[in-house]
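Quick notes on the structure that follows.
The values are calculated or read from the model by the stated rules, or taken from the named source; none is laboratory data. In this text the structure is predicted, and so the values were computed from the model without any measurement. In this analysis, Cβ positions are derived from the backbone assuming ideal geometry, glycine residues included, and neighbour counts consider all displayed protein chains.
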Amino acid sequence: MVTLSKSISSIVLIGMPGAGKSTIGVLIADNLGLEFVDTDKSIELECGKPIQELLNQSGYLAARAVEEAVLLKEQAKNKVVSTGGSAVYSAAGMAHLTANAVTVFLDVDINELTHRIEDFDTRGIMRKPDQSLTELFAERRQLYLRYADICIDCSGKGIQDCLQQVIAATRPYVSS
């Protein structure tokens, strides 16, 4: 476990699409009595359309700009924040979001992600045109590791097991 010197009031979840950030995030928030925010939902509210539609109409760079604006607006205090998988491309957004949060990387190996993500081309995943899941995984994983205070290996584990690991790892740092 890491030693954090910052005052912590929130948990920020990062990781690939299909890692379980939204599913586990809701459960963590319920367990710890915190509010839950899914930044992908916030992006959709901000632009008034599903992320996939935004990507189709404007491209991935424009979608990332909307994502960064959403991250910079979010006040992560006494919350569990599930970020979109591409949030780590925004240094400013991540710095803002994680200033008073413990950042948890839900790490899932590429083989498992391949089985979990059956709708890769229509899911609203911000990526370069024609970029494969394997290429995206390789590109993003180093960013997740850079921003993570805590890494939880979720490969081959059920939701409850991952949930308990995140709660155990973050409890010493989060004071709601």
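Quick one: is PHE105 surrounded by fewer than 24 Cβ atoms within 10 Å (Cβ to Cβ), part of a strand (DSSP E or B) and touching a strand residue (DSSP E or B) at 6+ places or on another chain (Cβ under 8 Å)? It is false that PHE105 is surrounded by fewer than 24 Cβ atoms within 10 Å (Cβ to Cβ), part of a strand (DSSP E or B) and touching a strand residue (DSSP E or B) at 6+ places or on another chain (Cβ under 8 Å). Filtering segment 80-125 down to residues that are within 14 Å of ILE14 (Cα to Cα) and among the aromatic types (Phe, Trp, Tyr), which residue is nearest to the chain's Cα centre (by Cα)? Once the filter is applied, the top-ranked residue is PHE105.
Take MET94 and tell me if it is surrounded by 17 or more Cβ atoms within 10 Å (Cβ to Cβ), assigned to a loop (DSSP other than H, G, I, E, B) and either modelled with pLDDT of 90 or more or out of contact with any Cys (no Cβ under 6 Å at 6 or more places or on another chain) (or both). No: the conditions fail for MET94.
Of all the criteria given as (1) among the β-branched types (Val, Ile, Thr); (2) at pLDDT 95 or above; (3) not in a helix (DSSP H, G or I), the one not satisfied by ILE8 is (2).
State which residue is nearest to the chain's Cα centre (by Cα) when the search covers only segment 55-77 and only residues that are within 30 Å of VAL174 (Cβ to Cβ) and of a type in the set (A, V, I, L, M).
Here the answer is LEU71.
Of the set (1) buried (at least 21 other Cβ atoms within 10 Å of the Cβ); (2) β-branched (Val, Ile, Thr); (3) modelled with pLDDT under 95, all apply to VAL174 but (1). Of all residues in segment 142-171, exactly one satisfies the criterion of being over 26 Å from ASN78 (Cα atoms), surrounded by 12 or more Cβ atoms within 10 Å (Cβ to Cβ) and touching a residue at least 40 places away in the same chain (Cβ under 8 Å), namely SER155. The single condition among (1) over 20 Å from ILE152 (Cα atoms); (2) touching a strand residue (DSSP E or B) at 6+ places or on another chain (Cβ under 6 Å) that GLU68 does not satisfy is (2). Against the numbered list (1) surrounded by 17 or more Cβ atoms within 10 Å (Cβ to Cβ); (2) in a loop (DSSP other than H, G, I, E, B); (3) free of Cβ contacts under 8 Å to residues at least 40 places away in the same chain; (4) of a type outside the set (D, E, K, R), GLN131 comes up short only at (1). Against the test of being touching a residue at least 24 places away in the same chain (Cβ under 8 Å) and farther than 25 Å from ARG116 by Cα, the options MET16, MET94 yield a single qualifying residue, MET94.
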